[in-house]
Amino acid sequence: MSTNFSTDRKPLINYSLAGLADIVLLLLVFFLLTSSFIPQFGIEVTLPKTQTAAPTKEQYVTVIITKDGTFYVEQQQVRKEQLLEAIQRVRGEKAYLVLRADEESQIKHLATVGSIANALGLKFKLATDRANPF
């Protein structure tokens with residue numbers, strides 16, 4: 001007595017692509033969620049390049065210096081004489097001051113912002129871009 005395992009049914013030729021579409025969608029969502037989002041500021045400056053870049057705290061006051069010496073505090077243009085008052089106005093409970101200075105800006109402007117941060121008791125950070133090692 002032998003068992004016959006053969007069948008007269010033909011093999012399945014059509015494949016469903018619904019599973020493949022689900023996998024592609026999940027991969028797309030994964031890469032969108034895990035990619036780093038870099039905040040784009042409206043004022044264009046070329047940051048100096050360094051080999052290491054330290055992350056900044058989430059709560060900070062942003063001061064921007066363009067190459068022509070224009071100051072911005074939290075995206076608002078400010079004259080040099082009003083810099084201290086502008087930083088005090090937006091500071092609140094923030095403990096850091098991040099300076100985004102163009103690499104062609106003058107060192108005296110960096111010193112001005114650094115001394116204001118020191119006078120207000122803010123920790124001073126200089127924003128940089130990572131240098132290409134190659």
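The values are calculated or read from the model by the stated rules, or taken from the named source; none is laboratory data. Please read all numbers here as calculations on a predicted model, not as lab measurements. No Cβ is skipped: glycine too gets one built from the backbone with ideal geometry, and neighbour counts run over all protein chains shown.
Here is a yes/no grid of residues against (1) in contact (Cβ under 8 Å) with a residue 40 or more places away in the chain; (2) within 21 Å of the chain's Cα centre (by Cα):
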{"site": "E85", "(1), (2)": "no, no"}
{"site": "R89", "(1), (2)": "no, no"}
{"site": "A95", "(1), (2)": "no, yes"}
{"site": "L110", "(1), (2)": "yes, no"}
{"site": "I116", "(1), (2)": "no, no"}
{"site": "L120", "(1), (2)": "no, no"}
{"site": "F124", "(1), (2)": "no, yes"}
{"site": "T128", "(1), (2)": "yes, yes"}
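In the range 1-88, counting only strands (runs of 3 or more DSSP E) that sit wholly within it, none holds 2 or more residues that are modelled with pLDDT under 70 and touching a Cys at 6+ places or on another chain (Cβ under 8 Å).
Number of residues in the range 99-121 that are touching a Ser or Thr at 6+ places or on another chain (Cβ under 6 Å) and surrounded by 15 or more Cβ atoms within 10 Å (Cβ to Cβ): the value is 1.
Could you say whether any residue in the range 102-114 is of a type outside the set (K, R) and in contact with a helix residue (DSSP H, G or I) (Cβ under 6 Å, 6 or more places away or on another chain)? There is no residue in the range 102-114 that is of a type outside the set (K, R) and in contact with a helix residue (DSSP H, G or I) (Cβ under 6 Å, 6 or more places away or on another chain).
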